[in-house]
Amino acid sequence: MSPAPKRQLSLLEFVRFTRFVSELRPGLLAPVPARPVAELLDEHLDDAVMFDAIAQAMRALRAADLPLRFAATTRVEHLGVMGFAMQTAPTVLEALEQVDRFQGLTSNSGFSEVLRDGDEVRIAWRRHTPRLDLGVRVANEIVIAQQLTLAQQLGLRGPMRVTFRHVAPDDARAHHAFFGCPVRWGAPADSIVWPATALARPLPLADAALHRFIGAEAARRLDARPPSPDGLEPVRRALARALPSADVSLEAVAGALRCTPRSLQRSLRAAGTTFRDLLDDVRRQQAQALLAAGTLSATEVAMLLGFSELSAFSRAHRRWFGTSARAHRVKSRRAQVKSPG
């Protein structure tokens, strides 16, 4: 099995959060030395540092609306070149797709994806870690709340619904008020859903030539970022996207990555793994995350992971975790309920 990639996020986001918390409770988090924003945009730190800071703040302040209040301070310009790519896009939908395309500039802790389904468009946040402890749960709330904040700055209003993988906090009134739509907890994904017609609205700063130029610069910076230790991040993402369709063959994934099956096999071999082993690893991580939500049946999880039969998923689950899927789900849900915040 290939080593897990090092997960990082923008240092600017961490600095913004610590400064935000320091205004609420001076001395709660260690101060971060003043740095030019331009430097912060280009630097990253381990995502576990952010998770720990979030958990510390939540336990001390005991404010369920903390992630929402912090997300409300987010501005498009905080995203650097990706933010400019959003502002110059032709439509709101294409602006949100820039996050999907260039997420790696700010974080490889997870990725956003735009999923179109008839009259709806769902912006889903896929956190790579299967953990759902306090810091990760609140970090996921921040991401979805930031998606709403950014969309509002682009002139968008009125999401249809919001979903989170984790269980609801003791008091979720602030969440319903902030999003202004139904909020579903214990769902298969962290996401925000918009009406497709609203996303078709043109943007006031749309500029085709400037958008192409900024997009090219964003792509250049993304290519210049250090690759993950195993170099397989794009393959992991392609597998995660393909799982629900059950079409997770070598040929299908190679097609999604715009390479030949033989080229993909060579890349996997150079990274010390195989397509089968990487698929198994991605499925294991996704299974842990889905079961931790506690609301999906084993059959539903098996389908989302691309298994054709429940029995195949059951055998894989026992091999991964040494227990049944039902026991895993119950244990994960109890752990979430006991965790403060």
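The values are calculated or read from the model by the stated rules, or taken from the named source; none is laboratory data. Treat the numbers as computed from the prediction; the structure is a model and nothing was measured. All Cβ positions, glycine included, derive from the backbone under ideal geometry; neighbour counts span all protein chains shown. Calculation scope for accessible area: heavy atoms of the full protein, side chains included, ligands and nucleic acids excluded. Shrake-Rupley method; radii C 1.70, N 1.55, O 1.52, S 1.80 Å.
Before we move on, is Ala64 open to solvent by 30 Å² or more (accessible area, probe 1.4 Å), touching an Asp or Glu at 6+ places or on another chain (Cβ under 7 Å) and not polar (S, T, N, Q)?
Criteria met by Ala64.
How many residues are assigned to a helix (DSSP H, G or I), of a type outside the set (Gly, Ala, Ser) and over 30 Å from Val136 (Cα atoms) if we restrict to region 250-292?
8
Go through region 26-64 residue by residue and tally those that are touching a Gly at 6+ places or on another chain (Cβ under 7 Å) and free of Cβ contacts under 8 Å to residues at least 60 places away in the same chain.
Count: 1.
Within region 97-136, how many residues are of a type in the set (Gly, Ala, Ser), in a strand (DSSP E or B) and either under 21 Å from Leu154 (Cα atoms) or open to solvent by 20 Å² or more (accessible area, probe 1.4 Å) (or both)?
2
From Phe70, Phe84, Phe20, Phe14, grab the single residue that is of a type in the set (Phe, Trp, Tyr), touching a strand residue (DSSP E or B) at 6+ places or on another chain (Cβ under 7 Å), surrounded by 14 or more Cβ atoms within 10 Å (Cβ to Cβ) and over 30 Å from Gly272 (Cβ atoms). Please lay out each step first, then the result.
On the way: Phe70 fails: touching a strand residue (DSSP E or B) at 6+ places or on another chain (Cβ under 7 Å); Phe84 fails: touching a strand residue (DSSP E or B) at 6+ places or on another chain (Cβ under 7 Å); Phe20 fails: touching a strand residue (DSSP E or B) at 6+ places or on another chain (Cβ under 7 Å).
Going through Phe70, Phe84, Phe20, Phe14 in turn, the sole match is Phe14.
Restricting to region 181-210, and then to whatever is closer than 19 Å to Trp125 by Cβ and part of a loop (DSSP other than H, G, I, E, B), can you tell me which residue is most open to solvent (accessible area, probe 1.4 Å)?
Filtering first and then ranking leaves Pro182.
Considering every residue within region 252-275, establish whether at least one is free of Cβ contacts under 8 Å to residues at least 24 places away in the same chain and in contact with a Pro (Cβ under 7 Å, 6 or more places away or on another chain).
yes
Any chance you could count how many residues in region 288-304 are crowded, with 22+ Cβ neighbours inside 10 Å and either modelled with pLDDT of 85 or more or basic (Lys, Arg) (or both)?
Qualifying residue count, region 288-304: 2.
If I ask for residues that are open to solvent by less than 40 Å² (accessible area, probe 1.4 Å) and farther than 27 Å from Thr129 by Cα, which ones from region 156-180 would you list?
If the condition is that a residue be open to solvent by less than 40 Å² (accessible area, probe 1.4 Å) and farther than 27 Å from Thr129 by Cα, then Leu156 is the only one that fits.
Among the residues of region 62-73, are any out of contact with any Pro (no Cβ under 9 Å at 6 or more places or on another chain), in a loop (DSSP other than H, G, I, E, B) and β-branched (Val, Ile, Thr)?
yes
Collect the residues in region 23-49 that are open to solvent by less than 60 Å² (accessible area, probe 1.4 Å) and assigned to a helix (DSSP H, G or I), keeping them in residue-number order.
Leu40, Leu41, Asp47, Ala48
May I ask you to list the residues in region 262-277 that are surrounded by 15 or more Cβ atoms within 10 Å (Cβ to Cβ) and either at pLDDT below 85 or of a type in the set (Val, Ile, Thr) (or both)?
Ser267, Ala271, Thr273, Thr274
Can you tell me which residue among Ala177, Ala218, Ala196 is within 20 Å of the chain's Cα centre (by Cα) and at pLDDT 90 or above?
Within the list Ala177, Ala218, Ala196, the selection yields Ala218.
Would you call Asp247 in a loop (DSSP other than H, G, I, E, B) and surrounded by fewer than 16 Cβ atoms within 10 Å (Cβ to Cβ)?
Yes; evaluated as a whole, the condition is true for this residue.
Here is a list: Ala139, Ala145. Which entry is buried (at least 23 other Cβ atoms within 10 Å of the Cβ) and within 26 Å of Ala238 (Cβ to Cβ)?
Exactly one residue qualifies, and that residue is Ala139.
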